[in-house]
Each structure stands twice: as C-alpha cells, then as structure tokens.
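Participant: Structure below; questions to follow.
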Amino acid sequence: MKYAFPDNFWWGSASSALQTEGAREGETTWDYWFAREPNRFHNGVGPQQTSTFYQHWKTDIQLLKQLNHNSFRTSISWARLIPDGIGEVNPDAVDFYNQVIDELNEQGITPFITLFHFDMPMAMQEIGGWENRDVVDAYARYAQICFELFGDRVLHWFTFNEPIVPVEGGYLYDFHYPNVVDFRRAATVAYHTVLAHAKAVQAYRAGHYAGEIGIVLNLTPSYPRSQNPADVKAAHVADLMFNRSFLDPVLRGEYPADLVALLKSYDQLPACKPEDGFLIAEGKIDLLGINYYQPRRVKCRDSAVNPQAPFMPEWFFDNYEMPGRKMNPHRGWEIYEPGIYDILINLRDNYGNPRCFISENGMGVENEQRFIENGQINDQYRIEFISEHLAWLHKGISEGCNCLGYHMWTFIDNWSWCNAYKNRYGFIQLDLETQKRTIKKSGEWFAATALNNSFEKES
Ligand code: BGP
C-alpha cells in the first residue's frame, strides 16, 4: 500500500544545542555535574564530546539537505547566549545562531527552534533553578531576547522540550542534577516551568511576530492492565501526573481539577499567586510538538504504600509489563506503534484537534556498529520502526487529526545526557574519534520518503 502525506508535510529531525554543539561557553548544570560526578555518565563521556555542530554546522546542513529535510529542530543554548543567565548577551553566540538560521533558510530547511532543552545555565541553578521565580523571569527575558534577535527568520518556536523530564530527573528519580527526591519541590519546578512557558508565550504575542509558538511534550499514553476500575484509576493518575500536568495548561489554559485536588489532599501543591491563573490562561499555544517513544503500562498497586517513604507518583500505580509486548531489544523499550495514533485521536477528541506534529520518535540501538555491512550501518530495524509509526500517523491524519509533520530523533548520533553515546539514534552514524559522518540505510530511506512525500509498505 502507498502511504501519501498531505502537501507541505514537515519531514525532518530533531536535535538540541548541548547534545550537538560542543565548544562550550557558559556553564550548564551538565558541565558542572559532569566535572564532579563523571561516573554518572555512560563510559564517563560528558557534554564536551559532541558531533561538534559548532564547527561543522555548514557541512552538517548540507547533510540535512541530502536527507531531503524540509525542516529541522534544534535549540538555542541559554548558557551560550547569556552565560550568567541574566546579564550580557554573548555576541559570538548571536553570530553562530544567525549563521545557522540563515543557512537553514537558504537551503530551504525551515528552522524549528526550542528555547530550553534540559540545559539550565549553572548560574541560574545556583539561585535555585526552576524553584526560584526569579529564574522564571530570567527565562522570560532570555526568550524575549531570542524573539528579538531571530524572530524575523524563525517562524516556529518551542518554549520547552519535554519539560517533565527535568522534573522527573532532577527532583524525583535522580537522573538529572540537582538529584533531589522531593515531590513538592518537583511540583514547584513543574509549576514554575509552566509559568515560564506562559511568560514566553505572552512576550511572543506582545511582539506581534510573524510566526507561531508552541511547546514539545513527551506524551506517553498510559494504558491500564485491564478494565478493572482499580487499574483504570491507576492509569488515570499516571496520565494526570505525566501527561496532563503540562498538556492541559498549554492547550486548555488550566490544570485538570482532579490533579489539583489529588496533590492538595497530600499537601504537595506548590505555592501559587492569585495572578498565576491569568498568566497560565495566556500560555495557550499555536502548535504542539509530540515526542513519542514508548507507551506507559500501569496497574493498581499490589502492595500497600510505605508511609515513611517519600511521596511519589508510584503511590498510585505499579508499572506493568504486558506479556508478549513488542520490544526494541537494543534499548529495552517497548515498541507500540498504535500509541502515536491514540495520542492524535485523544488530541482530536478532547483538546480541539490542535495543530501538532511528531517532533521526536526514534529507536535507540546499543553497539550499533555491529550492523555495519560494506561500511554502512544497515538499520533495517529502524526503517521498519519508522514506517510502522508513519502508517499509524497516516491513519490518524486520514481520520481528521491535525498532524502536520514527522521529525525523527535524531539527525547525527548524538550525546544523550547520562546515557552519553550508549544508544545511537541518528540517520547518520558518528565516529566520535574521527568525527566522520556516514549516512545509515535509514537515512537513505527517509530521504526518499521525504522526497516522494510518501512510501510503500505491505499493509
Ligand atoms: C528524548 C530527549 C532527547 C534524547 C532522547 C534519547 O526524550 O528529548 O534529548 O536524548 O530522549 O534518549 P536516550 O539516549 O536515553 O535513549
């Protein structure tokens, strides 16, 4: 069967500043943490070892062109642009981002720009990070500066990438700095991130720029083990905490009442100011980026909660391993392609069918060099992964979902936080020693699909 996509469908990939640029100026929490605890990072590889986009941006954009991208998402590094977070703008950073944006536009590749992809300037973390409302204001200023500097040529902005991840990693599950385990502080960080988002949206609207503004959320559908009311309730709470805690404010302009009631009953609500509600209502977006990798499966808890243990989302559910689930054995994540369709249908039916696109989807593979044949990674598994997901996305579009494009994670294999280079995701293989770039089979497949705006697959 032929799967054809609407005209002007966005074909591309995503990356981020810290994960690709190298040549760091302006310390982030990652630089600071790596200097102190390198053992937290896979093989002791830190944020300095990248695909050096800072040097190779021009030839890399040529590669994007070769992959027939018509759009590409990366982020601006707040710490590079404003090293102390609040003060002087670094003119070298302005030159760099201007050159990248101009070259992308010249090559017919629409730049999609994220303002914050996990890379908090250390100076901002030192004053409390997202727990401090001054950081919210500093971020809003940074956003405004970006709009003023680049808003004439960047027409698609994203305030945050996966804002729940720094909450989970930094304040609940100990995989990002500052390695705190405290739900109330996590809730404060999440809340202030929503306020920061809303302030950036406000600034964008006030500047009357020509483009649009949105956010990128990792929407992980929560599937209950069974239709037993206890399992269904468990899935509902997981959905409230991990999806709707950001989805509802940015699309509906308010938090779900049952999430607020739940946190209130456990005394975990962040401190709110009366005017916050108006601000959040003004944070409604024009465009939603959806990152989808795997589903979340949950069941009701099998055991009682230890009342002495820190309050956690898992007080309300257990994770569930569905027998016979399809796995990506090279990363240890479930593959569930219909999840992409379920997300789109949920948005269509419950959120007014917003303009959206898949901003990340991808398949991480450990030791991927084992799949080299004749000098090239033959990643047939990834081609299958993409085409299966695209088939479900296509079904969503044919049923009226407002999905405008598909970006893969990622362009060139890149450094990925604590996992460093463990899981490779790129269309292009990176040899970290030599910086040599080699297009994988999936890169060729994607280039053909983007060019034809369609692909063929047995149905
Ligand atoms: C996403 C993030 C990316 C990226 C990817 C891969 O959630 O937005 O920044 O790193 O996950 O993650 P990992 O390398 O842990 O498999």
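Participant: Of all residues being farther than 23 Å from P111 by Cβ and hydrophobic (A, V, I, L, M, F, W, C) in region 212-235, which is nearest to the ligand (Cβ to nearest atom)? Just the residue, please.
Facilitator: L219
Participant: Out of region 352-372, which residues are within 14 Å of the ligand (Cβ to nearest atom) and in a strand (DSSP E or B)?
Facilitator: Hits for region 352-372 are I358, S359, E360, V365, E366.
Participant: Among (1) of a type outside the set (V, I, T); (2) touching a Gly at 6+ places or on another chain (Cβ under 7 Å); (3) under 20 Å from G253 (Cα atoms), where does M124 come up short?
Facilitator: (3)
Participant: Further question on the same structure: Test F385 against the criterion of being in contact with a Phe, Trp or Tyr (Cβ under 7 Å, 6 or more places away or on another chain) and within 15 Å of the ligand (Cβ to nearest atom), and give yes or no.
Facilitator: No: the conditions fail for F385.
Participant: Which of (1) more than 16 Å from the ligand (Cβ to nearest atom); (2) over 14 Å from Y3 (Cα atoms); (3) in contact with a Leu (Cβ under 7 Å, 6 or more places away or on another chain); (4) aromatic (F, W, Y) is the odd one out, the single condition F411 does not satisfy?
Facilitator: The failed condition is (1).
Residue by residue, here is whether (1) surrounded by fewer than 21 Cβ atoms within 10 Å (Cβ to Cβ); (2) of a type in the set (A, V, I, L, M); (3) at pLDDT below 95; (4) more than 16 Å from the ligand (Cβ to nearest atom) holds:
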residue	(1), (2), (3), (4)
T159	no, no, no, no
Y171	no, no, no, yes
F175	yes, no, no, no
A198	no, yes, no, yes
A210	yes, yes, no, yes
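Participant: If you check T188, T114, T110, which single one turns out to be within 16 Å of the ligand (Cβ to nearest atom) and modelled with pLDDT of 95 or more?
Facilitator: Only one candidate qualifies: T114.
Participant: Out of all the residues in region 447-459, which are of a type in the set (S, T, N, Q) and assigned to a strand (DSSP E or B)?
Facilitator: Listed by number, the list holds a single entry, S454.
Participant: A follow-up question, please. Could you list, in sequence order, the residues of region 200-233 that are over 21 Å from I345 (Cα atoms) and hydrophobic (A, V, I, L, M, F, W, C)?
Facilitator: Scanning region 200-233 gives A200, V201, A203, A206, A210, I213, A230.
Participant: Scan region 217-236 and give yes if some residue there is part of a helix (DSSP H, G or I), closer than 30 Å to Y320 by Cα and of a type in the set (D, E), otherwise no. Outline the logic, then answer.
Facilitator: Quick first cut of region 217-236, residues part of a helix (DSSP H, G or I) only: 229-236.
The next check asks that each one be closer than 30 Å to Y320 by Cα; those that pass are 229-236.
Filter once more, keeping what is of a type in the set (D, E): 231.
Looking for residues that are part of a helix (DSSP H, G or I), closer than 30 Å to Y320 by Cα and of a type in the set (D, E), one finds at least one in region 217-236, hence yes.
Participant: Do you know which of the residues in region 311-349 that are part of a helix (DSSP H, G or I) and within 16 Å of the ligand (Cβ to nearest atom) is surrounded by the fewest Cβ atoms within 10 Å (Cβ to Cβ)?
Facilitator: The selected residue is G339.
Participant: If a residue counts only when it is under 19 Å from T410 (Cβ atoms), which helices (runs of 4 or more DSSP H) contained entirely in region 13-107 have at least 1 such residues?
Facilitator: In region 13-107, 17-20, 29-36, 53-66, 91-106 are the helices (runs of 4 or more DSSP H) which contain 1 or more residues that are under 19 Å from T410 (Cβ atoms).
Participant: Same structure, new question: Is it the case that some residue within region 363-374 is within 16 Å of the chain's Cα centre (by Cα), surrounded by 17 or more Cβ atoms within 10 Å (Cβ to Cβ), closer than 29 Å to G44 by Cα and touching a residue at least 60 places away in the same chain (Cβ under 8 Å)?
Facilitator: yes
Participant: Say we look at region 121-138 and pick out the residues that are of a type in the set (D, E) and more than 17 Å from V89 (Cα to Cα); which of these is surrounded by the most Cβ atoms within 10 Å (Cβ to Cβ)?
Facilitator: So, considering only residues that are of a type in the set (D, E) and more than 17 Å from V89 (Cα to Cα), the one surrounded by the most Cβ atoms within 10 Å (Cβ to Cβ) is E131.
Participant: Search region 224-246 for residues being surrounded by 21 or more Cβ atoms within 10 Å (Cβ to Cβ), in contact with a strand residue (DSSP E or B) (Cβ under 6 Å, 6 or more places away or on another chain) and in contact (Cβ under 8 Å) with a residue 24 or more places away in the chain, and hand back the single one that is nearest to H197 (Cα to Cα).
Facilitator: Filtering first and then ranking leaves F246.
Participant: Can you tell me which residues in region 414-446 are assigned to a strand (DSSP E or B), surrounded by fewer than 24 Cβ atoms within 10 Å (Cβ to Cβ) and within 14 Å of the ligand (Cβ to nearest atom)?
Facilitator: N423, L430, listed by residue number.
The values are calculated or read from the model by the stated rules, or taken from the named source; none is laboratory data. These figures come from a predicted structure and were not determined experimentally. In this analysis, Cβ positions are derived from the backbone assuming ideal geometry, glycine residues included, and neighbour counts consider all displayed protein chains.
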